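Written below as structure tokens is the structure these notes are about.
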Amino acid sequence: MKIQVSCFATLSKYTPEDGQVELEEGATPDLVLDRLLIPREEVKIVFINGQHAGMNAVLKHGDRLGIFPAIGGG
Amino acid sequence: MLFSSMETAWGYSRPLEAGDFLKHDSFTAALKRDARLDSDYPFSIISSPCLIQLAREHGLELFEAQSICLDKHILPERYLRNFSSISFSEQKKLADSQVLLVGLGGLGGYILEILGRAGVGGFVLADGDCFEDSNLNRQILATVDTIEKPKVIAAKVRLESVNPFCRIQTARAFLKAEDLPGLVKDVHLVVDALGGVEFRLVLLRETSRCKIPLVTGFVAGNTGLASTVYPGGKSPAMFWQGKNSDGAETVLGNTAPMVSLIASVQSQEAIRILSGKESGLSDRVFMADFETMSFELLKL
């Protein structure tokens, strides 16, 4: 299955070139971090289809995954 | 006592006396005489210079004069273009409202500008910092004249020149948890315009404990977010894990377009809540990313 991945702020460099990742059924955001070599300690919150989700939530084909670091500037 | 400027404490500094009511009566009569009707609007209108002059002639504070004016269904002309996006009764609610604005840097400067112009009646302004050269790229209150000067002083001077009908208290300090109950007791809303992740969690906890809504904004480079947290509601606190040095802004910096955008979203939320409308960002986060020009409402 394919999912769409967007990484923001300091993580934007990890967004795949075509914005998509090919994964096996049952994959989780945690697995996406492994696949894209994103340092786990830099990821603070993820959203699936715009809804806050856990790192072990099960992804489905066509899902959009948003990945954010700590952000606190003002 | 944290306040460095108490000369404009909320409301009346003493109990009302018979003379005050007579003063109000003669002020009201003069107000009705000088206000003009306009067939385009369902209320009378009075200009700012005229209202200021009448207040002086009758020995009233400007916020007091504005309050009587709105009570008599007369709109100060300075708010005319708010209508009808902001109704007359909503304008009155704004004038009767008080906000604690924590942080007067990038977000806070723009928020103060917008809320002051919109007609929010009272501000508690808190920041312990002084302006520096590197603030000039984005902080509206930072100018060549305010460098090295306290942010709260520049904010007060600016607000007094933008809207002298506002009441202002200043707290020139980097706040601590124990300062907050005293600062929030007379306000209707807290606006988080802090820099750095660490104190945001404290502010969130204390506003929730005091049962006051919080409108927060946080930015880093080309990414910015804003959210409203009601007591007991969901919060974006997961974005604020770690130390100040862990925030993406320490690497990416902050730029005027994103800071002013998020400040605008926070200001609109504040106006909605203070004027009695429903929040648009409760349990949600507005997210803007200028790198991909994408905008989304995320659900917490």
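For the set B:Leu62, B:Leu54, solvent exposure ranked by accessible area (probe 1.4 Å, protein chains only) runs largest to smallest as B:Leu62, B:Leu54. Highest average first, the peptides B:154-161, B:83-90 ordered by how many other beta carbon atoms sit within 10 Å of their residues are B:154-161, B:83-90.
Taking every DSSP beta bridge that has both ends in the protein assembly as shown, the antiparallel portion is near 55%.
The reciprocal of the average 1/r between distinct C-alpha atoms defines the Kirkwood hydrodynamic radius, which for the protein assembly as shown equals 22.2 Å. Rg and Dmax of chain B, based on Cα coordinates, read 19.8, 63 Å.
If the cut-off is 16 Å between C-alpha atoms, which aspartates and glutamates fall inside it for B:Lys299, apart from same-chain ones fewer than 8 positions away? List returned: A:Asp63, B:Asp283. Considering only alpha-carbon pairs that sit under 8 angstrom and 6 or more positions apart, the relative contact order computed for chain B is 17 percent.
Among DSSP beta bridges lying fully in the stretch B:97-299, give the percent that are antiparallel, nearest 5. Around 50 percent of the beta bridges assigned by DSSP in the stretch B:97-299 are antiparallel ones.
Between the alpha-carbon centres of the stretch A:13-74 and the stretch B:97-153 there is a gap of 36 Å. Only DSSP H runs of four or more residues enter the estimate; each adds -39500 (n - 2.57), and after division by the residues of chain B the mean residue ellipticity at 222 nm equals -11000 deg cm²/dmol.
Taking a 28 Å limit on the Cα-Cα distance, which of the listed pairs A:Lys2/A:Lys44; B:Lys93/B:Lys243; A:Lys13/B:Lys277; B:Lys93/B:Lys185 fall beyond it? Exceeds cut-off: B:Lys93/B:Lys243; A:Lys13/B:Lys277.
Largest accessible area first, the residues B:Phe174, B:Phe295, B:Phe286 order themselves as B:Phe174, B:Phe295, B:Phe286 under a 1.4 Å probe with ligands, DNA and RNA left out. Residues B:Thr228, B:Thr255, ordered by accessible area of protein heavy atoms at a 1.4 angstrom probe radius and largest first, appear as B:Thr255, B:Thr228. By a 1.4 Å probe calculation restricted to protein chains, B:Asp40 has an accessible surface near 120 Å², given to the nearest 10. Entry note, chain A: relative contact order of 42 percent, from Cα contacts under 8 Å with a spacing of 6+ residues.
The values are calculated or read from the model by the stated rules, or taken from the named source; none is laboratory data. These numbers come from a predicted model, not from an experiment. Backbone-built Cβ (ideal geometry, glycine too); neighbour counts: all protein chains shown. The protein model used for the area step is the full one, side chains on, heavy atoms only, and it has no ligands, DNA or RNA in it. Shrake-Rupley method; radii C 1.70, N 1.55, O 1.52, S 1.80 Å.
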